[in-house]
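Trainee: Let me give you the structure first, and then I'll get to my questions.
The values are calculated or read from the model by the stated rules, or taken from the named source; none is laboratory data. A quick note: this is a predicted structure, and the numbers were derived from the prediction, not measured. FYI the Cβ positions are ideal-geometry reconstructions off the backbone, even for glycines, and counts take in every protein chain you see.
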Amino acid sequence: GDSVTQMEGPVTLSEEAFLTINCTYTATGYPSLFWYVQYPGEGLQLLLKATKADDKGSNKGFEATYRKETTSFHLEKGSVQVSDSAVYFCALSSSYKLIFGSGTRLLVRP
Amino acid sequence: DAMVIQNPRYQVTQFGKPVTLSCSQTLNHNVMYWYQQKSSQAPKLLFHYYDKDFNNEADTPDNFQSRRPNTSFCFLDIRSPGLGDAAMYLCATSRGTELAKNIQYFGAGTRLSVL
């Protein structure tokens, strides 16, 4: 069945460092791909999405490109802030359902 | 301005004692979902409602039931909680089920402990 694999955390960075969180997927057909973020004490929020190959999703300085040839959707940010500390979930959907990875915790130190 | 509200945030129940978790939404969305998230694991869809139509995932245990009395409210009932049912339960809503076009909005979750 469809699945999502993302790098285990926690990822600990200093403020202004470059961030990459790896995400790969297995799916039949052509899923849409998402990154959700969960800040402490809050629900999951959609961060960005891409619905077809080579699409780039972007929001709040984060970017991810839908790479069909490598079945990947890696999340990147050029300069992280302390306020980016959260858990990040990669997910795919092929119809009504979101299939999530297990999440990567990001800790950004001042 | 929470749009998907889950109550309570923390719930403790005893082994085998029925428990109900609540979700309400102010978005007037057609679809409501329940996910289970065990510690350090991915959220997993249990079931969803499209309006009054209930859609159960094939691997959701019979111990889990749901009710949606109106557009705004949806309940998760666990008939006989076991220790393995301790988890975070997430409610989500969307206007439609085509997720390429419809964002899912999540509540903050209810953390269930089973003693």
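Trainee: Which members of region B:29-43 meet the condition of being modelled with pLDDT under 95 and outside any loop (DSSP other than H, G, I, E, B)? Outline the logic, then answer.
Mentor: Of region B:29-43, the ones modelled with pLDDT under 95 are B:37-43.
Once the filter is applied, which keeps residues that are modelled with pLDDT under 95 and outside any loop (DSSP other than H, G, I, E, B), region B:29-43 yields only B:GLN37.
Trainee: Another one. Give me the strands (runs of 3 or more DSSP E) completely within region A:27-77, filtered to those with at least 3 residues that are of a type outside the set (Asp, Glu) and either closer than 18 Å to A:ILE99 by Cβ or within 9 Å of the chain's Cα centre (by Cα) (or both), ordered by residue number.
Mentor: A:32-38, A:44-50
Trainee: For residues that are part of a strand (DSSP E or B) and of a type in the set (Lys, Arg), tally how many sit in region A:78-110.
Mentor: Qualifying residue count for the region: 2.
Trainee: Among the residues of region A:30-53, count how many are closer than 24 Å to A:GLY1 by Cβ and among the charged types (D, E, K, R).
Mentor: 2
Trainee: To continue, here is another question. Those residues that are assigned to a strand (DSSP E or B), over 10 Å from the mean Cα position of the chain (by Cα) and among the aliphatic types (A, V, I, L, M), I need them from region B:44-60; list them, please.
Mentor: none
Trainee: For region B:83-115, name all the residues that are more than 7 Å from every other protein chain (Cβ to nearest Cβ) and not in a strand (DSSP E or B).
Mentor: Scanning region B:83-115 gives B:LEU83, B:GLY84, B:ASP85, B:ALA86, B:ARG95, B:GLY96, B:GLU98, B:LYS101, B:ASN102, B:LEU115.
Trainee: Inspect all residues belonging to region B:61-71 and state whether any of them is buried (at least 19 other Cβ atoms within 10 Å of the Cβ) and either more than 10 Å from chain A (Cβ to nearest Cβ) or not in a loop (DSSP other than H, G, I, E, B) (or both). Can you show your working first?
Mentor: As a first pass, look at region B:61-71 and keep what is buried (at least 19 other Cβ atoms within 10 Å of the Cβ): B:64, B:66.
Remaining after also requiring either more than 10 Å from chain A (Cβ to nearest Cβ) or not in a loop (DSSP other than H, G, I, E, B) (or both): B:64, B:66.
So far as region B:61-71 goes, yes, one or more of its residues are buried (at least 19 other Cβ atoms within 10 Å of the Cβ) and either more than 10 Å from chain A (Cβ to nearest Cβ) or not in a loop (DSSP other than H, G, I, E, B) (or both).
Trainee: Right, B:LEU99: closer than 21 Å to A:TYR96 by Cα, surrounded by 17 or more Cβ atoms within 10 Å (Cβ to Cβ), of a type in the set (A, V, I, L, M) and at pLDDT below 95 or not?
Mentor: Spelling it out, B:LEU99 is indeed closer than 21 Å to A:TYR96 by Cα, surrounded by 17 or more Cβ atoms within 10 Å (Cβ to Cβ), of a type in the set (A, V, I, L, M) and at pLDDT below 95.
Trainee: While we're on this one: Going through region B:11-47 one residue at a time, which ones are under 18 Å from A:LEU44 (Cβ atoms), in contact (Cβ under 8 Å) with a residue 24 or more places away in the chain and in contact with a Lys or Arg (Cβ under 9 Å, 6 or more places away or on another chain)?
Mentor: Selection gives B:LEU27, B:HIS29, B:VAL31, B:MET32, B:TYR33, B:TYR35, B:GLN36, B:GLN37, B:LYS38.
Trainee: Name the single residue that is farthest from the other protein chains (Cβ to nearest Cβ) among those in region A:75-110 being among the hydroxyl-bearing types (Ser, Thr, Tyr) and in contact with a Leu (Cβ under 8 Å, 6 or more places away or on another chain).
Mentor: Among them, the one singled out is A:SER85.
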